[in-house]
Structure formats: C-alpha cells, structure tokens
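In what follows, a structure is listed as structure tokens, so that the remarks can point back to it.
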Amino acid sequence: MNYKAILFDFDYTLGDSTNGIVLSVNYALVKLGHVQKSVEDIRKTIGLSLKDTYFTLTGDNNLNAAMLFSKYFKEKADRVMVDNTDLYPNVKESLLSLRHHGCKIGIVTTKFHYRIQQILQKCNVPDLVDLIVGAEDVQIEKPNPEGLILAVEQLGLLKEEVLYVGDSFVDAQTAQNAGISFVGVLTGTTTREEFADYPNLYIGDTVAEIVNYVL
C-alpha cells in the first residue's frame, strides 16, 4: 500500500446520521420562522457546513440568520444526534483491516469534533481512529482545504502519503484544493457521473470496497 494514512469524511461515508440531522435542521428552521423541509431536501445538504445548509434550504443569504440556525441546530443535535447515528455495515471491519496493515486513520468532517468522539464511543470503535478534525478545529469549512491540510500536518506526513475518502462533490473539491488524492464512495447523494467531474483515483459503492481497493 502506498498510503500511510487514510482520511475519511463521516456523514454518508462512514455512517448515517440522517434522522438526527433532519430533526436538528427542522428544529432550527422552525425556530427561525421557516417551514420544515423534507428528508430528501435535507439529505442533499448533508456534508455542507451548517451555514451553507441554511443558505441552500432557505434561499436566505443573511449571515446572522445562518449563525442562529447553526446555534439552534447544535442545541437540538446535542440531544438527538448520537442516538440517531450508526456506522455503515463493515466499517468497523474495514478500519480494523487498515489498522492491521499499519495505516493511520483520520476523520475530517463538518461535524463537531466532540460529536464524532461521542459517536465512535457509542459504536465501540474509539480506538480505531487516530485523528479527528471537526468543525470547531478550523476557521473555514470544506471545500476549503484547511481541515485536510491540518490533518496531514498533525500526522506528520506528506500529502502524497495520504488519501481522502468522501461521499460528496464537496469532499472531492476539498481534496482537489488540498492537493491530496481522492476516492469517492456512493453511499451519499453524489452519483458516479457527478464524481467524474473531479480528480479521483476510484469510485466505490462502499467503504469496504474502497478499503479492499486500497489494500
């Protein structure tokens, strides 16, 4: 294997938080006087920053409103997100396989760092991840490359030694902006055809398939 570390997005890459996200988004929207959105509309925003989620769902570009949306989202998510999140099948086994081959494992996500820690604890895999870069660890969200670059620096590696795996065009853009190789997974809402617009080494149906490809 040519890579010393594999970095993963979380939502729709390693796990599914749809129920918790829908509850939190609609709670925040109602608090701000907006109508609730459908599950499908909200699914299409998963992976965006909370600010961009607000802009996309409402068409309102008011930054102060977006900041309030983020506050209310977090307020609800602190109560419901962990219980409404599960890892995809075979993710634990895939991470164990990477670890067996001496590969470092990281998560670079728009979710909060502490939330990822809580989810990993709930799913009994806290020791399989070496590094987490979450929303509160960066100044600018994806597709800005800050989070990926920070992860590479903290691991003490070169960009060429790291691979990023994600489910969305935002993840693909982030890898491209960081100068890091990218592999797409089709467990989110981005299609194989949409991924073709961005540099990628491989597109797989699941993380398990991708790990087999990498190894």
Once you have a ≥ b ≥ c as the square roots of the Cα gyration tensor eigenvalues for the chain, tell me rounded if a/c is under 1.5, and otherwise prolate or oblate according to whether a/b is larger than b/c.
prolate
Rounded to the nearest 10, the angle in degrees between the Cα long axis of helix 169-178 and the longest principal axis of the Cα atoms of the chain comes to 60
Restricting the count to DSSP beta bridges whose residues both fall in the chain, what percent are antiparallel, rounded to a multiple of 5?
10
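Run the dipole for the range 18-83 about the Cα centre, Lys and Arg Cβ at +1, Asp and Glu Cβ at -1, nothing else charged, and hand back the magnitude in debye, nearest 20. Show your work: numbers first, answer last.
Details: 9 positive and 7 negative charges, 17 e Å.
Using only the charged Cβ atoms, the result is roughly 80 debye.
Using the Cα centre of the chain as the reference point, and only Cβ charges (+1 on K/R, -1 on D/E), how large is the resulting charge dipole? Debye, rounded to the nearest 20. Let's see the in-between values first.
On the way: 19 positive and 28 negative charges, 103 e Å.
My answer is approximately 500 debye.
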Provide the FRET efficiency to the nearest 0.05 for the D137-E75 pair, computing r from the beta carbons and using R0 = 25 Å.
0.75
Considering the chain as a Gaussian network with a 10 Å cut-off on Cα pairs, which listed residue, D16, D171, D78, attains the greatest mean-square fluctuation?
D78
Rounded to 10°, Cα long-axis angle of helix 91-100 versus longest principal axis of the chain
30
Need the list of lysines near K4 for cross-linking: C-alpha distance under 25 angstrom, and skip anything on the same chain fewer than eight residues off.
K92, K104, K111, K142, K159
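Let me check against my output: what whole-number percent is the relative contact order of the range 107-179, with C-alpha pairs under 8 Å and at least 6 apart? Intermediate values should be presented prior to the final figure.
Numbers: 77 pairs, mean separation 22.3, N = 73.
Result for the range 107-179 is 31 percent.
Quick check: from the Cα gyration tensor, does the range 154-215 come out rounded (a/c under 1.5), prolate or oblate? Working shown, then result.
Values: a/c = 2.14, a/b = 1.32, b/c = 1.62.
Note, shape of the range 154-215 comes out oblate.
Where does the chain land at 222 nm, in deg cm²/dmol rounded to the nearest 500, when only DSSP H runs of n ≥ 4 count, each adding -39500 (n - 2.57), divided by all residues? Can you show the working numbers first?
On the way: 10 runs with 98 residues, N = 215.
Counting only the DSSP helices, I get -13500 deg cm²/dmol.
For the peptides 7-13, 92-98, what is the packing order when you average, over each peptide's residues, the other Cβ atoms within 10 Å and list the highest mean first?
Values: 7-13: 25.7, 92-98: 17.9.
Listed from highest to lowest mean packing, they are 7-13, 92-98.
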Given an 8 Å cut-off on Cα distances and at least 6 residues of separation, report the relative contact order of the chain as a percent.
24
Could you tell me whether the range 42-87 comes out rounded, prolate or oblate from its Cα gyration tensor? Rule is a ≥ b ≥ c as square roots of the eigenvalues, rounded for a/c under 1.5, then prolate if a/b exceeds b/c, otherwise oblate.
oblate
Taking the 0 to 90 degree range and rounding to the nearest ten, how far is the long axis of helix 146-155 tilted relative to the main principal axis of the chain, both from C-alpha atoms?
40
Grab the other residues whose beta carbon is less than 15 angstrom from that of I6, score K and R as +1, D and E as -1, and report the net.
-3
Y27: net charge of surrounding residues, Cβ under 14 Å, Lys/Arg +1, Asp/Glu -1, itself excluded?
+4
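No lab work stands behind these numbers, since they all come straight from the coordinates. Remember, it's a predicted structure, so these values are computed and weren't measured experimentally. Reconstructed Cβ throughout: ideal geometry from the backbone, glycine too, with neighbour counts over all protein chains shown.
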